[in-house]
1. Taking the dipole about the Cα centre of chain B, with the C-beta of Lys and Arg at +1 and of Asp and Glu at -1, give me whichever of B:PHE178, B:ASN153, B:TYR136 is farthest to the positive side.
2. Apply the Karplus parameterisation 6.51 cos²θ - 1.76 cosθ + 1.60, with θ equal to phi minus 60°, to every residue of the range A:139-148 and state each ³J(HN,Hα) to the nearest whole Hz, in sequence, with x for glycine and proline.
3. Need the C-alpha centroid separation for the range B:160-239 versus the range B:60-89, integer Å.
4. Ignoring trypsin sites (Lys or Arg not before Pro) that are buried or in helix or strand per DSSP, and keeping those with at most 12 other beta carbon atoms within 10 Å, what is the longest stretch of chain B between them?
5. Got a sec to turn the phi values of the range A:102-109 into Karplus ³J(HN,Hα) couplings, 6.51 cos²θ - 1.76 cosθ + 1.60 with θ = phi - 60°, whole Hz, x for Gly and Pro?
6. Would you mind working out the magnitude of the charge dipole of chain B relative to its Cα centre, with +1 at each Lys and Arg C-beta and -1 at each Asp and Glu C-beta, to the nearest 20 Debye?
7. In the structure displayed, which of A:LYS271/A:LYS329; A:LYS453/A:LYS499; B:LYS40/B:LYS67; A:LYS413/A:LYS499 lie more than 18 Å apart, Cα to Cα?
8. Using a 1.4 angstrom probe, figure out how much accessible area the range B:124-239 has per residue, in square angstrom, rounded to the nearest whole.
Amino acid sequence: MVAQFNRKNIAILIVFLVLSCTFELDEEYFNDSVTPVTEIQGISTTLRQFDLNEQIQGDTIAFWTEQDFIYNVATPNGEQVLLTEAFLDGESLTRTSSRNLSINIDPADYGTGFYTLTIAYLIRTGSGSLADISGLEALAYQQSFVLAIDISPPQELSVISTEIVNGFVTPSWEKYDRFNFQEYRVQKYCRDERDPSNGFSTCGLFIITDPDVTSYADSTFLEGAVRYSVNVRAANQESTGALGPIFETRISDPLTVTGLPNGDFQITWGKPTVENALDRYDLYLRNDFPAPIIFQSTNPNDTTFIYDSDDRPGPGFSRSTFALSIIPKVPGGGNPQEFQLIEARIGADTHPFGSFASSDVYNSIYTTSREKTATDGYLFKIDINSLEKTDSIKWSTLGVPANSFKKELFVSKDRQRLFLINSVNLFEINPNDLSLTNSFTLGNYDDTEFIPKVSSTGIMVYASGGQMRVFNVNTGNDVTLPNNFFGSDEDGDITEDGKYIYDNSYLFEYNGSQYVEKSRLATQIFHARFIDNTRILAYRRNAETFIYNLETDETQVLYEDNQFYMDKFGQYDPFTNTIYSLQGRLFNGPNQLSIMNLNDFTIRQTPVSFLFNNNAFIFQIANGRLFWQDGKYLDQF
Amino acid sequence: MKKSISRFSFLVLLFLTQTVYAQKLFVEFGHGGFGMAEMKSFQQEIQNQLEFDARIIENFPAYYTVKGSLLFVDFEDVTIGFTGGTMSTGGRVSYGDFSGSYRADSELSATYFGLIGEHIFLKRNNLELTVNASPYINTSTLDFSTEFIIQDNRQVQLLTFVSTSLGVESGFTARYYFGPMFVQAFFGGNFNIGGDLELKTDRDAVLIDGAGEIVKTNWSGYRANIGIGINFKRKQNEN
């Protein structure tokens, strides 16, 4: 019984001991020094545009192109930013576990409108608590911005007015007040002043990038008619504005030239209305090519200039042409209409100058020129190679009144003797020093006919009273040939040896004592001249050009039809067997090769002289300009 | 706790079946210290790795032990029998504040079974003094659990390791009889060679420290017990 009791109790004791001897973990450590943080003071945030690195001010962001933003959260004590997330109208855009959040917004994904950009961020409290250290204890903040997106096309703008403001033509227009503005494109239209029926065409474009600027002072416009339209470029789209009103202005007074008693010229013109746009006046003398500027001024009030005609280079001065260029400060898009060229002329538009002659024997060109006062004139000698004036003599020195001098100048056929003739007198001039060697009194020389010709024997043929006359410059003997001379603009010629004379229709031969009629050529022959002592070059109206040999009675047809018009200035070059003629073109040989287009030289009048010297030629145009074969000017003497 | 009860129940039944041949049966309740140097180091590592100010609340302290012995072979003054017992200790790394709490618990328990031999070197009246030694085999269980609570969020992880080791417990016992019943006191030491802690679900995985060294249990330490028992060969009136 005792044993049973003991065993039972022992077993109970053992179980009790086992149960009570099992180690229990029941203590814990609690840190009550850590306290919650409910607010973080001094947090600052910035939203910047990535490209511009500019901080967004305010809470509204207006844009129309794809934007990259950087949102930054700065904490006062470096508290960790656990999460930064952007929402656009509540939908998550992007997120990061750092304090810098990159946000990309493409307006094309959203369209025009207003949106709310909310940026939420979590900052660790820094309390030091278990949750804080574990990154699970944070304070939440958020900031919102209004996004204004406008990618709609710009509306059309109207030009309100075009008027002069502060001395400039100034178009003004409606302001474009949407933030998607990029630039105003002020399109300028100019009227074609040379042919106004062509209307207006674009002549300038001005780009203004400030949306608050709603007018433009057009410093490129001076004269004429202009109008503007204003396009707006916004959100990479461009509207087309309607054309504004036409603005037209003219210089009040045209360019005028008045001859003064002392021979000078007073040139006046009007002041441009848009005077502030004027850069300068350029006044040209257009007698010369290229035209020199004889006056220049940047003062808009300088509208008068006195030109001393003594300043003009070259011989003779009968007609002068002036041109005024009004040049704006800023050339407008290369528009020629704004380079205003106004021309004015003065003087007689007549045959003003003396004739020309040349001699390869003396290597010289000879020419006459009348002074501007028309009371005297000059005879010039010019080196045929250098084209420099080598000598000159006044007409008055020759003892001839200038106002009656007809100033025809010619050389003998052998180019050894130089003659000057007026309606009454014939003068022989020394080709070397231009001294007077002999003079004769003629009877009614008619300068409307051909220029007299002199053979190497001293026999001169000339026209007088409708008849051909023969004058011996050695003896002074003057004989009238039989038959009528047909009159104006017809030719008369004599061979170099003096054996034959041609007077348009009749051929005379010298028989040792006098000239007798040898034959009558076809009456339809216009223009004929001797090309040597036995051959005559002739042109038959509306037919062939041919060479007729007086000795063999043979005819050589050069051109069978009227391929060119050999007027009275046509020449034949025996050295190259080439015919030269002028009718706007020069012909060289039977192939009619145009070796010079005279239109390139702005010939304003029929050439009055054609001089021949070996393989070169000179011709003259009415305003005194001489040209050499290569186009070089001959008026620098 | 349930595991400890079931293990010890087995031992109790084993003792009871041997009582037919038993000379002495006694049960000791005592206090023992445990080396556990590697476990302490392991727990220190855990503390060091934490970013917050966690504290080691328990560091495998000395704790109560229970042992039972049945001696049934008697050779003059030497008696041989079986012995077995259980012991437990533990460690805790803990932290808590207003936001939550963290703890890493290492609940370590062991059950051992072995032979016991005692030599009575003094026997006078009702008093016996003996010296005894017990080689044993030890099976340890480490329940390593972590709990991380922040507000309503609770994360728990539990890993169970087991180890087997050999050891010897030796000491002196003073025993005083009251008839066949006696009370005794034991003082001695436990020398345990420790064992690898293998993951229970994967015995190829063992617990290592941060340096890659294997963490072992070590139950070595002093032992001080008191107990009661019965000498089946002694009469009720024998003194």
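1. B:PHE178
2. 9, 9, 10, 7, 9, 10, 10, 9, 9, 10
3. The two parts, judged by their Cα centres, are 7 Å apart.
4. The longest uninterrupted stretch comes out as B:1-232.
5. Whole-Hz 3J(HN,Hα) from phi for the range A:102-109: 8, 10, 10, 10, 9, x, 4, 7.
6. Dipole magnitude for chain B comes out near 1140 debye.
7. Listed pairs above 18 Å: B:LYS40/B:LYS67.
8. 52
The values are calculated or read from the model by the stated rules, or taken from the named source; none is laboratory data. Since we're looking at a predicted model, the values are computed, not measured. A quick note on method: Cβ atoms are made from the backbone with ideal geometry, for glycine too, and the neighbour counts reach across all protein chains shown. All accessible areas refer to the heavy atoms of the entire protein, side chains included, with ligands and DNA or RNA removed. Shrake-Rupley method; radii C 1.70, N 1.55, O 1.52, S 1.80 Å.
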